[in-house]
């Protein structure tokens, strides 16, 4: 259950952080020219934009939770399980930022969802098999011990 909470926090923090950054950078605008004064002005506009600061804070939280997950779980499990961020990011970009999402992108999110379900199911089976094998391995170890 604890791992589910950490993985869920990873997804939520990353999605909200990226959406906040995008919203903030739309307010900041682009870099007009690559000159010292325009780069400095761009940086100043960026670091005082509230949505950028919120996004950065959320992404720092995401990174802490991601490190926590990697300390407990296999990378080959964590990465696919957090791939649902693609689905939620597209949904939030459409709902909150008003982005137009092409049908091919939505189809891609369905494919990603199917992959997440397959990975989650395989990890669940792996956990069950390991739990069943643990008592048998302990008995076998006791029988072999001098």
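The values are calculated or read from the model by the stated rules, or taken from the named source; none is laboratory data. On a predicted model such as this, the values are computed, not experimentally measured, just so you know. Note that each Cβ is placed from the backbone with ideal geometry, even for glycine, and that neighbours are counted across all protein chains shown.
Brief remarks follow.
- Filter pass, residue 58 being under 17 Å from residue 93 (Cβ atoms) and touching a helix residue (DSSP H, G or I) at 6+ places or on another chain (Cβ under 9 Å): yes
- Residue check: residue 98 meets all listed conditions (1) in a helix (DSSP H, G or I); (2) without any contact (Cβ under 8 Å) to a residue 40 or more places away in the chain; (3) under 24 Å from residue 22 (Cβ atoms); (4) over 12 Å from the mean Cα position of the chain (by Cα) but one, namely (1).
- Condition broken by residue 146, with the remaining ones in (1) in a helix (DSSP H, G or I); (2) at pLDDT below 90 satisfied: (1)
- The set of residues in the range 82-95 being part of a helix (DSSP H, G or I), surrounded by 13 or more Cβ atoms within 10 Å (Cβ to Cβ) and without any contact (Cβ under 8 Å) to a residue 40 or more places away in the chain consists of 86, 87, 90, 91, 94.
- In this structure, residue 89 does satisfy being out of contact with any strand residue (DSSP E or B) (no Cβ under 7 Å at 6 or more places or on another chain), at pLDDT 90 or above and closer than 11 Å to residue 15 by Cβ.
- Qualifying residue in the range 24-45 (condition: at pLDDT 95 or above and within 22 Å of residue 118 (Cβ to Cβ)): no
- Test: residue in the range 100-109 that is more than 20 Å from residue 14 (Cα to Cα) and touching a helix residue (DSSP H, G or I) at 6+ places or on another chain (Cβ under 8 Å): yes
- The single residue among 67, 13, 9 that is farther than 24 Å from residue 90 by Cα and modelled with pLDDT of 95 or more turns out to be 67.
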